1. Could you check the spin-label model distance between residue 249 and residue 38? Points 7 Å from the Cα along Cα→Cβ, value in nm.
2. Which whole-number percent is the relative contact order of the stretch 10-69 (Cα, under 8 Å, 6+ apart)?
3. Using a simple spin-label model with points 7 Å from Cα along the Cα→Cβ vector, what separation in nm is obtained for residue 95 and residue 202?
4. Which residue fluctuates the most in the chain, going by a Gaussian network model with Cα springs under 10 Å, if the choices are 222, 200, 213?
5. For the chain, set up a GNM with springs between Cα atoms under 10 Å and report which of 75, 39, 127 has the largest fluctuation.
6. Given points 7 Å out from each Cα along the Cα-Cβ axis, report the residue 191 to residue 77 separation in nanometres with one decimal.
7. Looking at the chain as a GNM with Cα springs under 10 Å, which of 73, 56, 34 has the largest mean-square fluctuation?
8. Using alpha carbons only, how many degrees (0 to 90, rounded to 10) separate the axis of helix 229-240 from the longest principal axis of the chain?
Ligand SMILES: NC(=O)c1ccc[n+]([C@@H]2O[C@H](COP(=O)([O-])OP(=O)(O)OC[C@H]3O[C@@H](n4cnc5c(N)ncnc54)[C@H](OP(=O)(O)O)[C@@H]3O)[C@@H](O)[C@H]2O)c1
């Protein structure tokens, strides 16, 4: 039985960085299963890694492809030691200006596909395994102009926190990763119709930093991983201050 790590969204940004850092850590995994739609990117990544990789170029919102994934797991019966759910995207713009199709696509990928991938992998996870879920600091507060994205990330945080409680009995640990802006291709996609607040961009960090902390927090069995002081402060303020006050301050910063 192979010991494996599964990473969704491995073709770019944070997911790709997870593959690189886990490879460097020499975790003695037999293989990484790398999932995303862009096959060339996954092949490129795989050729840089020492760990053997299985390339699964697939769209995780496509039910036929997810059925193939389920059958592959059933056939191979791997021991999934770590699942990293990174595939996700966001689009800025108001609920009225974005099309329903675009907003539903965020819900399907960030919520439904993440949940489905988790459910499909769980039967193959052993004691002491880890699940790392990419949420976002957007999970801490409803956000105008990013309403559906922020709501999907609140879902990821809530779902993963509850899942972590449920899995305690099996000795499987779930960590939700909630960074602020990270320097990846994410923003190019997110800013198709709108711009991020410049103050937010001041808190931008590298994917390397987010992933290093996330891996450390996952090994320490922490349910939440928040990188960088400004975002930690934002998290605390969101818990302490009334929402209308925070919304007012955010408007002033526009
Ligand atoms: N960057 C940020 O500022 C930031 C901040 C907080 C949280 N996050 C979260 O972190 C995660 C990773 O984002 P990132 O910054 O690394 O963005 P990214 O560079 O755009 O990476 C997104 C990844 O998701 C994959 N993906 C998108 N749609 C997919 C689909 N239908 N099926 C399979 N894979 C799909 C993409 O690969 P293909 O296009 O090849 O399919 C890509 O590998 C996301 O969940 C994002 O919401 C990002």
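1. My value for the distance between the label points is 3.6 nm.
2. Working: 72 pairs, mean separation 19.7, N = 60.
Worked out over the stretch 10-69, it gives 33 percent.
3. Reported label-point gap for residue 95 and residue 202 is 3.0 nm.
4. With Cα springs under 10 Å in the chain, the top fluctuation among 222, 200, 213 is at 200.
5. The residue that fluctuates most here is 75.
6. Between residue 191 and residue 77, the simple spin-label model gives 5.0 nm.
7. 73
8. Helix 229-240 sits roughly 70 degrees off the main axis of the chain.
Laboratory data are not the source of any read-out in this text; all were calculated from the coordinates shown. Just so it is clear, the structure is predicted and the values come from calculations on it, not from any experiment. For neighbour counting, all protein chains shown are included, and Cβ atoms are generated from backbone atoms with ideal geometry for every residue, glycine included.
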